[in-house]
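Notes to accompany the following structure.
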Amino acid sequence: MRARIIGTGSCLPETVVTNDDLAKIMDTSDEWISSRTGIRERHLVKEETTAGMSAEAARRAMESAGVSAEEIDLLIVGTLSADHVTPSCACEVQARIGAVNAVAFDINAACAGFMFALNIANAYLQTGVYRTALILGAETLSKIMDWNDRSTCVLFGDGAGAAVVRAEEGTAGLLAFDQGSDGVKGGVLACRGRSNNNPLVETPKELSYVHMDGQEVYKFAVTAVPHSLQKTIQAAGLAVEDIDYFALHQANIRILQSVAKRLRVTEDKFPISLDHCGNISAASVPILLDEMNRKGMLKPGMKIALSGFGGGLTWASAVIEW
Ligand code: UT7
């Protein structure tokens with residue numbers, strides 16, 4: 001029995017903001033952003049919400065899988081930017097799509113959130129607790145950006161990606177997994193600002209914006225990701241050259257190039273969406289996977305390596321047979 005992705009979907013907000021648009025409102029340039037990151041534009045929400053985009057991505061994934069909302073028995077959203085503290089984004093999605101038989105909850109593993117959701121779903125499906133899972137990565141990062149901090153706000157975008165995962169007999173599905181976290185280094189990518197004002201204590205009000213030490217996160221990514229991928233590929237009984245595509249979290253094209261170099265793989269095996277999406281944290285991997293799927297790039301029997309990495313610090317990789 002394997003946990004197999006049988007359908008994908010995604011949803012981006014309507015409004016596109018180019019690097020030139022940003023250069024009109026802050027001290028930056030298309031030249032700086034595109035040469036340092038590969039990002040040319042991103043989608044930002046106006047009316048859209050994390051739950052609304054998630055529900056649309058979920059509907060598209062269910063349609064592509066040929067699965068009805070009633071068949072979903074597990075619904076997990078990886079997000080750090082849900083619309084509310086409670087109810088969870090997953091419970092809101094459940095209500096919006098009518099997944100009445102699902103148990104629904106969010107997980108926060110930052111940019112590795114979708115990958116953590118995949119692994120949690122895999123554990124439930126492998127043990128027979130549930131049969132059909134809907135997993136998402138969804139973010140409205142623009143609401144937790146400091147729009148006065150040009151070193152961070154230009155990197156991120158909004159959107160949602162989804163996959164339907166089902167327990168199936170056969171060779172296709174999740175072959176191996178690796179995941180980890182390092183809380184000691186958590187300060188290099190943080191969004192703080194939950195002050196306390198109970199009757200006993202009043203902590204200073206902090207603004208709740210993302211703060212990132214880009215260079216430290218960069219160093220972490222180019223070391224942890226190749227290591228995790230190698231470990232996972234080996235655990236799947238495969239060699240690096242057996243992998244058809246590396247669908248990685250879309251943070252920076254230079255990170256993807258560095259991982260390709262370390263693994264001695266050509267860059268054409270690393271599809272990208274960051275040029276038109278920017279970094280959408282937990283949503284990056286499922287949106288990329290959906291784009292690849294809809295372009296017909298994924299054929300039965302192909303081996304795909306997935307990897308997410310970011311705040312926590314967290315990282316997770318998987319090798320799947322399509
Ligand atoms: O999803 C979570 C994972 N996140 C990541 O993986 C992010 C990893 N880190 C990175 O991708 C890169 O570190 C960044 C893209 C964030 C930054 O690139 P960098 O090459 O490390 O640039 P830097 O921070 O060293 O800044 C270089 C210069 C600085 O100016 P000075 O001090 O050299 O005069 C910055 O002030 O670039 C300046 N700068 C900018 N200039 C124009 C910073 N941001 C901007 C900007 N536009 N938006």
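The values are calculated or read from the model by the stated rules, or taken from the named source; none is laboratory data. Note that this is a predicted model, so its numbers are computed, not measured. Cβ atoms come from the backbone with ideal geometry, glycine included; neighbour counts cover every protein chain shown.
Structure values in brief
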quantity: Pairs with Cβ under 8 Å, 6+ apart, first in region 146-165 and within 15 Å of THR18 (Cα to Cα) and not assigned by TED's automatic domain parsing to the domain that holds ARG192, second more than 8 Å from the ligand (Cβ to nearest atom) and among the basic types (Lys, Arg); calculated: PHE156/ARG42; GLY157/ARG42; ASP158/ARG42
quantity: Residue ID - nearest to the ligand (Cβ to nearest atom), chosen from residues in region 190-214 that are under 25 Å from LEU306 (Cβ atoms) and out of contact with any His (no Cβ under 8 Å at 6 or more places or on another chain); calculated: GLY214
quantity: Hey, LEU229 within 12 Å of the ligand (Cβ to nearest atom), within 25 Å of GLY157 (Cβ to Cβ) and in contact with a Ser or Thr (Cβ under 7 Å, 6 or more places away or on another chain) or not; calculated: no
quantity: Subset of region 104-115 that is more than 16 Å from the ligand (Cβ to nearest atom) and crowded, with 17+ Cβ neighbours inside 10 Å - its residue that is farthest from LEU313 (Cα to Cα); calculated: ALA104
quantity: Criterion: over 17 Å from ILE97 (Cα atoms), away from the ligand (no atom under 13 Å from the Cβ) and in contact (Cβ under 8 Å) with a residue 12 or more places away in the chain - qualifying residue of THR18, THR37, THR8, THR86; calculated: THR18
quantity: Matching residues, region 12-52, being assigned to a helix (DSSP H, G or I) and in contact with a Ser or Thr (Cβ under 8 Å, 6 or more places away or on another chain); calculated: ASN19, LEU22, ALA23, ASP30, THR50
quantity: Residue tally, condition touching a residue at least 40 places away in the same chain (Cβ under 8 Å) and surrounded by fewer than 22 Cβ atoms within 10 Å (Cβ to Cβ), over region 243-258; calculated: 6
quantity: Close pairs (6 angstrom Cβ cut-off, 6 or more residues apart or separate chains): under 17 Å from ALA110 (Cα atoms) in region 218-237, within 15 Å of the ligand (Cβ to nearest atom) and part of a helix (DSSP H, G or I) anywhere; calculated: ALA221/ILE255; VAL225/VAL259
quantity: Residue list for region 21-34, restricted to those being over 16 Å from LEU274 (Cα atoms), touching a helix residue (DSSP H, G or I) at 6+ places or on another chain (Cβ under 7 Å) and free of Cβ contacts under 8 Å to residues at least 24 places away in the same chain; calculated: ALA23, SER29
quantity: Check on GLY187, of a type in the set (Gly, Ala, Ser) and under 30 Å from HIS276 (Cβ atoms); calculated: no
quantity: Of all residues in region 241-261 being more than 18 Å from the chain's Cα centre (by Cα) and within 13 Å of MET302 (Cα to Cα), the one that is nearest to the ligand (Cβ to nearest atom); calculated: ILE243
quantity: Residue list for region 144-158, filter: assigned to a helix (DSSP H, G or I), touching a strand residue (DSSP E or B) at 6+ places or on another chain (Cβ under 9 Å) and within 11 Å of the ligand (Cβ to nearest atom); calculated: SER151, THR152, CYS153
quantity: Hey, LEU75 under 16 Å from the mean Cα position of the chain (by Cα), at pLDDT 95 or above, assigned to a loop (DSSP other than H, G, I, E, B) and farther than 14 Å from GLY52 by Cβ or not; calculated: no
quantity: All positions within region 60-103 that are of a type outside the set (A, V, I, L, M, F, W, C) and surrounded by fewer than 17 Cβ atoms within 10 Å (Cβ to Cβ); calculated: GLU63, GLY66, SER68, GLU70, HIS84, THR86, PRO87, ARG96, GLY98, ASN101
quantity: Criterion (assigned by TED's automatic domain parsing to the domain that holds GLU291 and farther than 21 Å from ASP106 by Cβ) met by exactly one of VAL184, VAL210; calculated: VAL184
